[in-house]
């Protein structure tokens with residue numbers, strides 16, 4: 001029984017799962033939209049939204065926090081200079097997930113996750 005077992009495993013060990021989600025977040029920040037499976041998009045949404053919330057206050061401390069989570073200087077800079085200023089007044093809900101149908105090869109449900117235009 002899986003009672004009280006929150007979170008998705010994606011058939012990976014914890015280090016691989018963390019690396020996958022980190023790279024998805026970096027790609028999302030650099031390109032502002034991402035096509036992936038529904039499960040990955042739903043898992044990625046709170047991670048990216050928390051990063052945007054942290055980045056709304058630009059200080060050396062918050063930059064270090066974001067850098068510790070992303071480990072990608074270009075994505076960190078883009079988050080602070082382009083994405084976070086758009087959502088200064090928004091209380092949350094920075095992303096949208098749109099369902100796209102199924103993938104041709106394995107019929108996995110696909111979704112588009114993107115930043116909203118504030």
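Restricting attention to segment 104-116, which residues are over 16 Å from the mean Cα position of the chain (by Cα) and without any contact (Cβ under 8 Å) to a residue 40 or more places away in the chain?
Those that are over 16 Å from the mean Cα position of the chain (by Cα) and without any contact (Cβ under 8 Å) to a residue 40 or more places away in the chain: 104, 105, 106, 107.
Taken residue by residue, segment 63-79 has no member that is surrounded by 13 or more Cβ atoms within 10 Å (Cβ to Cβ), farther than 21 Å from residue 19 by Cα and either free of Cβ contacts under 8 Å to residues at least 24 places away in the same chain or under 16 Å from the mean Cα position of the chain (by Cα) (or both). The set of residues in segment 39-62 that are surrounded by fewer than 17 Cβ atoms within 10 Å (Cβ to Cβ) and under 30 Å from residue 102 (Cα atoms) comprises 39, 42, 46, 47, 49, 50.
Among the residues of segment 21-38, those that are surrounded by fewer than 16 Cβ atoms within 10 Å (Cβ to Cβ) and closer than 14 Å to residue 71 by Cα comprise 23, 30.
Quick note: the coordinates plus some simple rules give every number you see, no bench work behind them. Everything numeric in this text was worked out from a predicted model, so none of it was measured. When we count neighbours, we look across all protein chains shown, and the Cβ atoms used for this are built from the backbone with ideal geometry, even at glycine.
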